[in-house]
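Single-structure report; data block below.
The values are calculated or read from the model by the stated rules, or taken from the named source; none is laboratory data. The shown structure was predicted, so the numbers you read here are calculated from the model rather than taken from an experiment. Quick reminder, even Gly has a Cβ in these numbers, built from the backbone with ideal geometry, and neighbours come from all protein chains shown. Side chains included, ligands, DNA and RNA excluded: accessible areas come from the protein's heavy atoms. Shrake-Rupley method; radii C 1.70, N 1.55, O 1.52, S 1.80 Å.
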Amino acid sequence: MTPAGLTGSTRDEIARLLAGLPAHRRTTFELRVDRWWDDLVEGLAPYPEPTAVAERVLLLAAAAYRDRDDDLHLLDERRMLEPDWFQRPEMVGYAAYAERFAPEGTGLPGVGERVEHLRQLGVGYLHLMPLLRPRPAPNDGGYAVADYRQVRADLGTMEDLRALASRLRAEGISLCLDLVLNHVAREHAWAAAARAGDERYRRYFHVYPDRTVPDAYERTLPEVFPDFAPGSFTRDDELDGWVWTTFNTYQWDLAWDNPDVFCELADVILFLANQGVEVLRLDAIAFLWKRMGTPCQNEPEVHQLTQALRAVARMTAPALIFKAEAIVGPNEVVHYLGQGRHHGKVSDLAYHNSLMVQVWSMLASRDSRLATHALGRFPAVPTTTAWITYLRCHDDIGWAIDDDDARAVMLDGWGHRGFLSRWYSGEFEGSTAEGLVFQHNPATGDMRISGSAASLAGLGTALRRTDEGAVPAVDEAVARLLLGYTVVFGWGGIPVVWSGDEVAALNDESWAATPEHAADNRWAHRPRLDDELVAAARRDPESAVGRVYAGMRHLALTRASLPHLHASVQAAVVASPDPGIFAVVRRHPVGPMLMLYNITETGREVPGWWIREQGLNPAQVIDALNGYPPHLAADGSLYLSTYQPVWLVRP
Ligand code: GLC
């Protein structure tokens, strides 16, 4: 090990920790320290003594390396030989709550019973929603963690988690878990110690004796849950002070400006990697660093600390990758994949929230101009990273439409956001969507929306119709839903299917029956996977659910055969000649891939010359979605029927 600044005693301590390992394994660790040390120290710059913190962390890394199982060491080797494993076109993701996905009452072992279901959908990445021990309900669906080293008792044990991870790995499925690192539950041991008066642990949190500092911060802080938890600070009698709580009152923000917090979380990361977790979803990562006079989101220190966390993870467990959950604007989100000096050194994956919002926006407005403008000004991201694309997830949809983007296409941002809320809550004339309003904030006019993809696409309304319009209405809703997923699968990166969407699950009517969920209508779109629906989808491919299920499987299969979809190539939106068509092109060395999406319920034509301008001859392409040449009119223009997508490539 050659890093400058490493003291003799740290070297001795590492040698002692690794003494029992074979020589080649000790060498590997030393090489990795050499490789990542500078990134680590540089990332720790927010602390007064970066090198001293780096040395502390190195000891944690060495101990975890020593304890890592042989098969995980093997996985590390494999991933280093195929660093693009998560960028490949064949990669499809799936996200679910373990207890809602596994057969009822079977817990983590039961998740393993769903492997066949996942395989049918081509899944290679499974995100299980928070399952580390939370505080007793309410716990924000598990996002209030009381112990990072224990599994929720009703789901099983750490042993079960390890067994599941290894079973999934054997099937080629990587397990992704949440790392809730912005906050812990009020009941977490650190918070309990702080409440009991332990000064060391009090410094793990942002605690203020009175409202002076909180009031000063709140002048520039956004409201995350204006309904359930207004404000960002909570008075706690045991602490005898105000503690920072960005989310709910029982979720205490960690003080990341304290290096002890960094070391604790670094150790948790290594621990989870050693259980066989391959992807960590860095929950609410944007909020980690606080700075007076700012919204306390996306501060530069967030990226520095992520770089340091990644460096330490690479030393012990290079198979582990990070996924940033930063639901922030385009100019900010790209930093989570690494811009400038953090290029390729922070998260490997990040959620493409804007794409999701723009798809729903286009489906409501039947106009692609806003999406084309907004997505068109996304800065490029490192070629070693990938977007997580999705149509729905466990959260509500916030209408992240930028005012400037709206203005650029002659829309009023406030008005368009209001339109989307009214459209998806079904209030707008002509809408068949059945979403629920989540966290209406009268101060900002914000009205977020809950509801399943199928319900938002109007399938529930269509299925209830009994008149002669019922059949076309169902066809349209199915086509709308599949079109949304086709955009998601065709973007590049990892398309993640939200559990239930593959069988067009409608809103769970009984969501409010569970008392601890009654105040949070996000549970409407977190249904239990319905075995009957899955069986029906498989049995009857002509039914609405059958078509959706077959359509999703087909998308996964088609994707896998298209090198153009490798995430190292960026998707580019192009202004289409018709606002009723959304156009995306991917310029891969094998040739361009042009994706056209008819976002309306009427037939559309795209002129042949325009397709040629994108680098493809319409008479010499196939639509990869069906393997045939596309439908061309006599004048050479390409015809797209209701909600039809085409993925044009050279044969
Ligand atoms: C993330 C989660 C959300 C949760 C919040 C607080 O945004 O997706 O469900 O409420 O973090 O942990």
query = What are the residues whose amide H is under 5 Å from the amide H of VAL151, where those residues sit 5 or more places off or on another chain and H is modelled from the backbone?
reply = ARG133, MET158
ask   = Among rounded, prolate and oblate, which fits the chain when a ≥ b ≥ c are the square roots of the eigenvalues of its C-alpha gyration tensor, a/c under 1.5 means rounded, and a/b larger than b/c means prolate?
value = prolate
message = Taking just the alpha-carbon atoms of the stretch 131-212, what radius of gyration and Dmax come out, in angstrom?
response = 16.1, 55
key: Förster-model FRET efficiency, 60 Å R0, ASP34 and GLU468, C-beta, rounded to 0.05   = 0.25
remark   = One computes Rg over Rh for the stretch 189-253 from alpha-carbon atoms, with the Kirkwood Rh, and obtains 0.97
request  = When you have a sec, figure out the Kirkwood radius of the stretch 328-484 from all distinct Cα pair distances and drop it here in Å to one decimal?
outcome  = 16.8
query = Taking amide H positions as placed 1.01 Å from N in the peptide plane, with prolines and chain starts having none, which residues 5 or more places from GLY241, or on another chain, fall under 5 Å of its amide H?
reply = ASP236
Mean Cα-pair separation over length for the stretch 1-83, i.e. relative contact order, pairs under 8 Å, 6 or more apart, % = 38
note = Helix 413-424 sits off the longest principal axis of the Cα atoms of the chain, rounded to the nearest 10 on a 0 to 90 degree scale, by 70
task = Within the stretch 213-266, list the GluC sites (Glu not before Pro) lying in a DSSP loop whose Cβ has at most 13 other Cβ atoms in a 10 Å radius.
result = GLU238
ask   = What's the angle, to the nearest 10 degrees (0 to 90), between helix 158-170's Cα axis and the longest principal axis of the chain?
value = 50
Rounded to the nearest 20 debye, dipole of the chain from Cβ charges on Lys, Arg, Asp, Glu = 1480
remark   = Between ALA519 and LEU74, the two model label points (7 Å from Cα along the beta-carbon direction) sit apart by a distance in nm of 4.9
message = Tell me the angle of helix 544-560 to the major Cα principal axis of the chain, expressed in degrees between 0 and 90 and rounded to the nearest ten.
response = 70
request  = May I ask for the distance between the Cα centers of the stretch 625-651 and the stretch 346-395, given as a whole number of Å?
outcome  = 24
note = At the level of C-alpha centres, the distance separating the stretch 552-619 and the stretch 1-54, in angstrom, is 48
Solvent-accessible heavy-atom area per residue, rounded to whole Å², over the chain at 1.4 Å = 37
task = Quick one: compute the contact order of the stretch 331-412, relative version, from alpha carbon pairs under 8 angstrom and 6+ residues apart, as a percent.
result = 36
key: Average projected area [Cα convex hull, the stretch 496-651], square nanometres   = 11.8
task = Convert each backbone phi in the stretch 490-506 into a coupling constant with the Karplus relation 6.51 cos²θ - 1.76 cosθ + 1.60 (shift: θ = phi - 60°), then list the ³J(HN,Hα) values in order as whole Hz, x for Gly and Pro.
result = x, 7, x, x, 9, x, 10, 8, 7, 3, x, 5, 5, 10, 6, 4, 8
note = Using the Cα gyration tensor of the stretch 407-534, the equivalent ellipsoid's semi-axes, largest first and to the nearest Å, work out to 23, 20, 17
key: Inter-label distance, nm, simple model (7 Å from Cα along the C-beta direction), GLU90/HIS631   = 3.4
remark   = Heavy-atom accessible area of the stretch 504-590 with neighbours in place, 1.4 angstrom probe: carbon+sulfur share in percent works out to 56
key: Cα→Cβ-extended label distance, 7 Å offset, between ASP260 and VAL409, nm   = 5.1
message = Suppose the Debye formula is applied to equal point scatterers at every Cα of the stretch 392-462; what is log10 I(q)/I(0) at q = 0.16, 0.17, 0.18, 0.20 Å⁻¹?
response = -0.56, -0.62, -0.69, -0.82
message = How large is log10 of I(q)/I(0) for the stretch 88-167 at q = 0.18, 0.22 Å⁻¹ when the intensity is taken from the Debye formula with one equal scatterer per alpha-carbon?
response = -0.75, -1.04
note = So the FRET efficiency between HIS24 and ARG119, C-beta based with R0 = 25 Å and rounded to 0.05, is 0.10
message = Beyond 14 Å, how much of the Cα-Cα pair distribution for the stretch 248-323 remains, as a whole percent?
response = 64
message = Defining a contact as two alpha carbons under 8 Å apart and six or more residues distant in sequence, what relative contact order in percent does the chain show?
response = 12
task = List the extent of the Cα atoms of the stretch 569-649 along each of their three principal axes, largest first, rounded to whole Å.
result = 34, 23, 22
